[in-house]
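Written out below as structure tokens is the structure these notes cover.
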Amino acid sequence: LALLGDKNLLFNAERTAFIMYQVSGHSWVAMGDPVGPPEICEPLAWEFLEHCDVMAVSPVFYQVKPQNLALYIDLGLNLSKLGEEARVELGTFALDGPVRADLRQAHRRASRDGAQFEVIPRAGVGAVLGELRAVSDAWLQEKKTAEKRFSLGFFDQRYLQNFDCGVVRRGGAIVAFANLWRGACNELSVDLMRYNGDAPKGVID
């Protein structure tokens, strides 16, 4: 998310950790926990709080990890639960069984409709940016919405070329895509998920 260039970055003196934040009204809203080694992140969070005090604004940390809640309590902040995050163990994941019936049906329907999935390495994303842009524009128009920002990525060519991209093709043309975040601890997540009118039903599933 720091690669989007839409946030301010507060680094520690050694530039080994940072907090990314945006100004909203009378608040400085940090996106997630401080980024860096845990022993460095705590003093950086206090430094962020001090900057907020100097500027007479309210500090906010958005989408923080549960294991770090004690830090924010120490900072004197209040906690609010806004949602939950799902994690899937891919090593044991399967489409078998009644729980996965809907997902299995969507997968079979997409296959019958001639859909094919592939992951384009980030080195090759530049070559398909035109197709990705067309899919993204169609998606935004269909949803009658503008790009979300701050906690999500938005369509930016430089940004997307930092990541591998999962695409769905139909008749050789890209009809859906999702850029892939490869995190620490062998984690994989998706950011943008876009599709156009030629994508098979249930393509997001």
- Note on the structure: Length-normalised contact order of the chain, Cα under 8 Å, at least 6 apart, in percent, tallies to 17
- Message: With both bridge residues required to lie in the range 7-164, what share of the DSSP beta bridges run antiparallel, to the nearest 5%?
- Response: 65
- Counting only protein chains, not ligands or nucleic acids, how are 60, 99 ordered by accessible area (probe 1.4 Å), most first? 99, 60
- Message: Explain nothing, just the number: dipole magnitude of the range 154-205 about its Cα centre with +1 on each Lys and Arg Cβ and -1 on each Asp and Glu Cβ, in debye rounded to the nearest 20.
- Response: 180
- FRET efficiency for residue 116 and residue 156 from the Cβ-Cβ distance with R0 = 22 Å, rounded to 0.05, comes out at 0.25
- Where the only charges are on Cβ atoms (+1 Lys, Arg; -1 Asp, Glu), what is the dipole of the chain about its Cα centre, to the nearest 20 debye? 1020
- Taking protein heavy atoms only, a 1.4 Å probe, and rounding to whole percent, the accessible area of the range 91-205 owed to carbon and sulfur comes out at 50
- Item | Area accessible to solvent at residue 65, 1.4 Å probe radius, in Å² | 100
- Message: For semi-axes √(5λ) of the Cα gyration tensor in Å, one of [x] 27, 21, 15; [y] 33, 17, 16; [z] 37, 20, 16 was computed from the structure I shared and the rest are decoys. Which label?
- Response: [z]
- Message: Charges at C-beta only: +1 for Lys and Arg, -1 for Asp and Glu. How large is the resulting dipole of the range 82-162 about its Cα centre, in Debye rounded to 20?
- Response: 100
- Note on the structure: The farthest towards the positive end of the charge dipole of the range 1-146, of the residues 27, 94, 41, given +1 on Cβ of Lys and Arg and -1 on Cβ of Asp and Glu, is 94
- Query: residue 51 versus residue 24, label points 7 Å from Cα toward the beta carbon: distance in nm?
  - Reply: 1.7
- Top to bottom by accessible area (1.4 Å), largest first, where do 18, 177 land? 18, 177
- Largest-first ranking of 154, 11 by accessible area, probe 1.4 Å, whole protein assembly kept, is 11, 154
- Item | Gain on full stretching of the segment that runs from residue 134 to residue 148 - 0.36 nm per residue minus C-alpha separation | 3.3 nm
- Label-point separation, residue 185 to residue 90 (7 Å along Cα→Cβ), nm: 1.6
- Item | Between the range 1-79 and the range 184-202, the Cα center-to-center distance that results, in Å | 29
- How much area per residue is accessible in the chain when the probe is 1.4 Å and only protein heavy atoms are counted (Å²)? 64
- At a probe radius of 1.4 Å, what is the per-residue accessible area of residue 170, in Å² to the nearest 10? 80
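The values are calculated or read from the model by the stated rules, or taken from the named source; none is laboratory data. Because the structure is a prediction, the values reported are computed rather than measured. We place every Cβ from the backbone using ideal geometry, glycine too, and count neighbours over all the protein chains shown. Heavy atoms of the whole protein, side chains included, go into the accessibility calculation; ligands, DNA and RNA do not. Shrake-Rupley method; radii C 1.70, N 1.55, O 1.52, S 1.80 Å.
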